[in-house]
1. Mind listing whichever residues of the stretch 110-136 are at pLDDT 90 or above and hydroxyl-bearing (S, T, Y)?
2. Could you name every one of the strands (runs of 3 or more DSSP E) located completely within the stretch 231-278 that has at least 3 residues being in contact with a Phe, Trp or Tyr (Cβ under 8 Å, 6 or more places away or on another chain) and crowded, with 23+ Cβ neighbours inside 10 Å?
3. Assuming S154 fulfils every condition listed in (1) at pLDDT below 85; (2) in contact with a Gly (Cβ under 8 Å, 6 or more places away or on another chain); (3) among the hydroxyl-bearing types (S, T, Y) apart from one, which condition is it?
4. Give the residue, chosen from Y351, Y356, Y311, that is in contact with a helix residue (DSSP H, G or I) (Cβ under 8 Å, 6 or more places away or on another chain) and under 30 Å from T207 (Cβ atoms).
5. May I ask you to say which residue of A278, A289, A344, A305 is in contact with a helix residue (DSSP H, G or I) (Cβ under 7 Å, 6 or more places away or on another chain) and farther than 18 Å from S231 by Cα?
6. Hey, among the residues in the stretch 326-364 that are of a type in the set (V, I, T) and buried (at least 23 other Cβ atoms within 10 Å of the Cβ), which one's nearest to L268 (Cα to Cα)?
7. Do any strands (runs of 3 or more DSSP E) lying entirely in the stretch 115-206 carry at least 3 residues that are hydrophobic (A, V, I, L, M, F, W, C), and which ones are they?
8. Restrict the check to the stretch 193-206 and report whether at least one residue is free of Cβ contacts under 8 Å to residues at least 40 places away in the same chain, among the hydroxyl-bearing types (S, T, Y), surrounded by fewer than 17 Cβ atoms within 10 Å (Cβ to Cβ) and more than 22 Å from A80 (Cβ to Cβ).
Amino acid sequence: MRRPHGERAGTALASALFVALSSGCGGGAETPVGSSGSTSPDGPTASATPSGDPSHRPEGAWTLAAWTVERSDGKSNPQARILLATLTPGCPAGSCDITFAPAGANGTYREAEAPAGSDGQPATAPITLTWNGTAYVGSDPPRVVDCLPTGQVSDTIADGYSTKRTVTLTFDPPAGDLPPQVHGTIVDTTTGTNAAKAKGCTDFVETAAVGGTPTGSLDAGLPLVGEYDASLSSTGSMPKKLAPVGQSLWLGQMVVNGEPKAPTIRGLTAGVAQLAQAASGWNGTSTVAPFDCQDPRGQTSSKGADAIETYSALHPVALTQDGKTIFAGEWTLRANPNATGLKAACSLAAYEGRFYLVPHGAGR
């Protein structure tokens, strides 16, 4: 669930963090698959060698961030994911249909650092984006995916949904210090089977905002400052059931303050981390902060643990439509029971995963 503005997330995390992105759905962080028609407004797409210059049209290797901005059922926490794609125009110059193909790990759109489970049933087929005069638009054929009515992997209903995805991208050439960009939306229309609906798999439409730049085009020294919406794709937890590998989690707002070369970040807990820049990105470890814990019965013990957050390799990966920087890296939280927690029989809780920071409110 999303917290009221300004409310801290500690209690909710100690109670199993936050609801996964796929709560009520099984698609998770999949990317577009399938192919639509490939006819441009000027006739069939030409078969020709592209120019290879991404400054005039979307072409070559691109890194795109997608983050949820709206769901028809109200579950619209802005959880993010990264898509790696190769964009290939079907004509030697100018605007025409584009093949949007996976360029990530194991033939999917997933970045290598993200857990394999984060893209659900991995997409490996390209999609054709048709140029309509102002934007590139394409839809994949309906697909069958799993449903998680409670957000818990243990409650998965296999093949409970049919989902159809529509991708819309517009292109902006370089402007000032900004590289070429694409921005737009990914809209998933998801319908439960009759049997799955009876178990809580309700229909919904989910819209994600998209922002992307040519892979490697962003300066690693771009400032990290302001308010961000933070999310995590889990690579592990202790106990394992807290956040199964691949589960997408909403971490709430995180605030970065201070000088551009020495920022501090206030994360999920009250702890503050001083960040230092290295070749891999921004790194830091928070001060110890009180945190809630759970006893073996699932009861919460207020401030029963001492928590530390660690941030690693936070680096620019994409831009929002208004040119603000989206960051990715790694994040961990360890909550060790203190005297209060030990008295309540709490045990260690730990989370780790691929971590995303999207400027707060972007795309909304």
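The values are calculated or read from the model by the stated rules, or taken from the named source; none is laboratory data. Remember, predicted model here, so these are calculated numbers, not experimental data. No Cβ is skipped: glycine too gets one built from the backbone with ideal geometry, and neighbour counts run over all protein chains shown.
1. Those that are at pLDDT 90 or above and hydroxyl-bearing (S, T, Y): T128, T130, T134, Y136.
2. Counting at least 3 such residues, we get 248-259.
3. Going through the list (1) at pLDDT below 85; (2) in contact with a Gly (Cβ under 8 Å, 6 or more places away or on another chain); (3) among the hydroxyl-bearing types (S, T, Y), S154 breaks only (2).
4. Details: Y356 fails: in contact with a helix residue (DSSP H, G or I) (Cβ under 8 Å, 6 or more places away or on another chain); Y311 fails: in contact with a helix residue (DSSP H, G or I) (Cβ under 8 Å, 6 or more places away or on another chain).
Testing whether each residue is in contact with a helix residue (DSSP H, G or I) (Cβ under 8 Å, 6 or more places away or on another chain) and under 30 Å from T207 (Cβ atoms) leaves just Y351.
5. Working: A278 fails: in contact with a helix residue (DSSP H, G or I) (Cβ under 7 Å, 6 or more places away or on another chain); A289 fails: in contact with a helix residue (DSSP H, G or I) (Cβ under 7 Å, 6 or more places away or on another chain); A344 fails: in contact with a helix residue (DSSP H, G or I) (Cβ under 7 Å, 6 or more places away or on another chain).
Unique residue meeting the criteria: A305.
6. Pass one, the stretch 326-364, residues of a type in the set (V, I, T): 326, 332, 340, 358.
Now restrict to residues that are buried (at least 23 other Cβ atoms within 10 Å of the Cβ): 326, 358.
Working: I326: 18, V358: 15 Å.
Going through the qualifying residues, I end up with V358.
7. On the way: elements: 127-131, 136-139, 143-147, 157-172, 181-192.
Counting at least 3 such residues, we get 127-131, 143-147, 157-172, 181-192.
8. Yes: the stretch 193-206 contains one or more residues that are free of Cβ contacts under 8 Å to residues at least 40 places away in the same chain, among the hydroxyl-bearing types (S, T, Y), surrounded by fewer than 17 Cβ atoms within 10 Å (Cβ to Cβ) and more than 22 Å from A80 (Cβ to Cβ).
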